[in-house]
Every structure is written in C-alpha cells, then in structure tokens.
Amino acid sequence: MVSDCIFCRIVAGEIPADVVTSGERVIAFRDLNPQAPTHVLVIPREHHETVGALAAEDPKALADVVTVAAEVAAEESGGSYRLVVNTGAAAGQTVGHVHAHVLGGRSLGWPPG
Ligand code: AMP
C-alpha cells in the first residue's frame, strides 16, 4: 500500500467508496464525478502506477480488471461501453494508481477530447 495514494486508501477501507464489486485481485467502485450514467472505476488492489506497469508486473490482475469491466458493463449498460485508461498527465491521469474507467449508458462521441 502507498500511504498517500487515494485508491490504495479506498482498497484499505480508509476512504469510503460506492463499491460495485470486489474480488481477490480487483475492486470496482463508482466515480465521484460521473461522466455517463455508468461510470465505474476498476482497479487492482495492489498499487501499480500505469497499465503498462500492471501488464508487466501482474498480468493476471490486468486480465481481472478487463473481465470485471466487461461484467459491470453487461450488468449496467447492456454490454456496450468504453474502457478508458488515462496514462500520464497529458492524457488526463490524475491518480497514480492504475484505473480503468467503464463508461456507458449513453451514446459516446468519437474522437475523445
Ligand atoms: P483519471 O483522471 O483518469 O486519473 O481518473 C481519476 C478519476 O478518479 C476521476 O474521474 C475522479 O473523478 C475519480 N476519483 C477521484 N477520487 C475519487 C474517489 N475518492 N472516489 C471515486 N472516484 C474518485
């Protein structure tokens, strides 16, 4: 656990979150500032900064992130969804604990901003 990481603190139960599902390697909770009717963040329990680091260091956890994202989308948005992993400040990553945004429940424009 990284003590100043907000998502590590959610995993540890130190900060409340609206948890959608929780498993051995990942948890999913609703984004505080939703951008779509379904906006859920899926994260590994262990701290990895980026999706590339997660793939290299714990590929099973990355597979679980994608599987849980698909399950959430199937449950909440009929299986049509966008899976976004912002990586690096210029791409909009504001929390340095890798997280996949599951967005769905409305039409989503392309290209993204
Ligand atoms: P990103 O900009 O890709 O790093 O995404 C970070 C996301 O985390 C944003 O969409 C925030 O709204 C969301 N967020 C930040 N703090 C919390 C929190 N305590 N609970 C739920 N979502 C959060």
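None of the figures in this text is laboratory data; all of them are computed from the coordinates on show. Here the structure is a predicted model, which means the values were calculated and not measured. As a convention, Cβ positions derive from the backbone with ideal geometry for all residues, glycine included, and neighbour counts pool all protein chains shown.
Taking every alpha-carbon pair under 8 Å whose residues sit at least 6 apart, region 73-113 reaches a relative contact order of 45 percent. Would any residue of region 36-59 have its amide N under 19 Å from a label point 7 Å out along Cα→Cβ of C5? List them or say none. Backbone N within reach: 41-59. Largest mean-square fluctuation among L32, L54, L41, in a Gaussian network model of the chain whose springs join Cα atoms under 10 Å apart, belongs to L32. Full extension of the chain segment joining A70 with N33 gains 11.2 nm, where the gain is 0.36 nm per residue of separation less the Cα-Cα distance.
Across the chain, the relative contact order, built from alpha-carbon pairs under 8 Å that are at least six residues apart, equals 28 percent. Per residue, the convex hull around the alpha carbon atoms of region 38-77 comes to 63 Å³.
Semi-axis lengths, largest first, of the ellipsoid equivalent to region 55-113 are 20, 18, 8 Å, with √(5λ) applied to each eigenvalue of the Cα gyration tensor.
Evaluating 6.51 cos²θ - 1.76 cosθ + 1.60 at θ = phi - 60° for every residue in region 30-36, the Karplus couplings come out as 6, 5, 5, 10, x, 9, 7 Hz, glycine and proline recorded as x.
Go ahead and run the numbers for FRET between S107 and A55, Cβ-Cβ distance against an R0 of 30 Å, rounding to 0.05.
Details: r = 30 Å, r/R0 = 1.00.
Between S107 and A55 the formula returns 0.50.
Direction-averaged projected area, Cα convex hull, the chain: 6.9 nm², rounded to one decimal. Sequentially through region 52-58, phi angles give Karplus couplings (6.51, -1.76, 1.60; θ = phi - 60°) of x, 5, 4, 4, 6, 9, 7 Hz, Gly and Pro residues having no value and appearing as x. Across H99, H39, H47, mean-square fluctuation computed from a Gaussian network of the chain (C-alpha pairs under 10 Å connected) peaks at H47.
Using θ = phi - 60° in the Karplus curve 6.51 cos²θ - 1.76 cosθ + 1.60, the 3J(HN,Hα) couplings for region 16-26 round to x, 8, 8, 6, 8, 7, 9, x, 4, 10, 9 Hz; x is entered for Gly and Pro.
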